[in-house]
Amino acid sequence: MNEVQIIGTGSYAPLNIMTNHQLSELVDTSDEWIVSMTGIKERHISQGENTSDLATKAALEALKDANVKAEDIDLIIVASTSPDQFVPATACLVQGNIGAVNAMAFDVSAACTGFIFALNIAIQFLKTGERTRALIIGAEVLSKIVDWTDRNTCILFGDGAGAAILEAGTKKGIISINSASQGQKARFLTCPTVDVKNTFAKGNKDFKSTISMDGKEIFKFAVKIIASSINRILKENNYTLDDIKYVVCHQANARIIDLVVRRLKADKNKFFVNLERYGNTSAASIAIAMDEMNKKKLLKAGDKIILVGFGGGLTYGASLIEWTINK
Ligand code: UT7
């Protein structure tokens, strides 16, 4: 069996920034409420770019960072809750845009845990030797599926994409990964696509194809599952939090991360947070955070990090990684 390493990262977010003040002109909210309840100050909102456009820009950056040509990529997985179209997969659009002519390309749908799921799937292909070099991307234009009249949700989300290049080799990089789902809780976070309306079915007059969520249920789930996922992956690999340089949680709400820190009696500085500038970018958030850490040179080869995601599905997952990029 091969080992798998991350050899490059990239990210991209639309240039247009929307502040909490701008949101307070759309719905009955305030900068003070949003900051105190979520930690979010602003988010990037697309002015026309679609998910594949963001994903392509993140991918090109990751290829450059890894010093790899698009033709050398043989697997592309895009994780997204907001793909461009039903068909083709956003991954195929990215493949066409970057000229990755030798790749198999497909999407995964695991909401905010999508990047961890994509990583988990890619690892299986690389470990067995079925593929050699993978491009995995978390990309979202959530602004097109947000209900801009619902203050419970529209204040949370932002657009963006993050990418990583993985390579099969002999040196250990990804130490451990696990992903799981709890479909019995699926109703807590939904975004329907199109209604069943045809010769045999009338469709539902209240049908809405926008995000809706039971915020309190997701919040409780998130705190519990992030803390238990971190504990589990540490225990399974005989590590403690002292061995970990950074924990990168899905960036949804600063209060969720604060409660996890308290639950684990951890050092808050170990938990990387950038949600104040991006909001919740769903499948992209962990990948964008990892790229920011890479660009800021916060990690050196040998450092251990934990990525941990949770989201609609409900889904969750975590990965323990030894950083192998030497800057
Ligand atoms: O990637 C996963 C995606 N989802 C999440 O991560 C969501 C997790 N959940 C959350 O982050 C929190 O549930 C929220 C931040 C969304 C909401 O916090 P909460 O503590 O659950 O607040 P709440 O919904 O109970 O609202 C408290 C009050 C209510 O007013 P009353 O009934 O106490 O008078 C709401 O109507 O705040 C009101 N409220 C707002 N006020 C100003 C709700 N949204 C807003 C708003 N601005 N945007």
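One line per residue, one yes/no per condition, for (1) under 30 Å from residue 152 (Cβ atoms); (2) out of contact with any strand residue (DSSP E or B) (no Cβ under 7 Å at 6 or more places or on another chain); (3) within 14 Å of the ligand (Cβ to nearest atom):
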{"position": "265", "(1), (2), (3)": "no, yes, no"}
{"position": "272", "(1), (2), (3)": "yes, no, no"}
{"position": "279", "(1), (2), (3)": "yes, no, yes"}
{"position": "283", "(1), (2), (3)": "yes, no, yes"}
{"position": "288", "(1), (2), (3)": "yes, no, yes"}
{"position": "296", "(1), (2), (3)": "no, yes, no"}
{"position": "303", "(1), (2), (3)": "no, yes, no"}
{"position": "307", "(1), (2), (3)": "yes, no, no"}
(request) Starting from residues that are in contact with a Ser or Thr (Cβ under 8 Å, 6 or more places away or on another chain) and under 17 Å from residue 55 (Cβ atoms), keep the ones in the range 117-133 and report whichever is nearest to the ligand (Cβ to nearest atom). (result) 117
(message) Going residue by residue through the range 217-238, is there one that turns out to be of a type in the set (A, V, I, L, M, F, W, C), within 16 Å of the ligand (Cβ to nearest atom) and within 11 Å of residue 320 (Cα to Cα)?
(response) no
(message) Quick check on the range 278-288. Is at least one of its residues surrounded by 24 or more Cβ atoms within 10 Å (Cβ to Cβ) and of a type in the set (Phe, Trp, Tyr)?
(response) yes
(message) For the range 123-142, give me each residue that is open to solvent by less than 10 Å² (accessible area, probe 1.4 Å) and over 28 Å from residue 44 (Cα atoms).
(response) 123, 126
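I need the full set of residues from the range 104-128 which are polar (S, T, N, Q), touching a strand residue (DSSP E or B) at 6+ places or on another chain (Cβ under 8 Å) and outside any helix (DSSP H, G or I), in order please.
109
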(request) Return only the number of the condition from (1) open to solvent by 50 Å² or more (accessible area, probe 1.4 Å); (2) within 15 Å of the ligand (Cβ to nearest atom); (3) touching an Asp or Glu at 6+ places or on another chain (Cβ under 9 Å) that residue 208 does not satisfy. (result) (2)
(message) Taking the conditions exactly as written (in contact (Cβ under 8 Å) with a residue 60 or more places away in the chain, part of a loop (DSSP other than H, G, I, E, B) and away from the ligand (no atom under 15 Å from the Cβ)), does residue 149 satisfy them or not?
(response) no
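The values are calculated or read from the model by the stated rules, or taken from the named source; none is laboratory data. Here the structure is a predicted model, which means the values were calculated and not measured. Ideal geometry is used to build each Cβ from the backbone, glycine not excepted, and the neighbour counts take in all protein chains shown. For accessibility, only protein heavy atoms count, side chains too; no ligands or nucleic acids. Shrake-Rupley method; radii C 1.70, N 1.55, O 1.52, S 1.80 Å.
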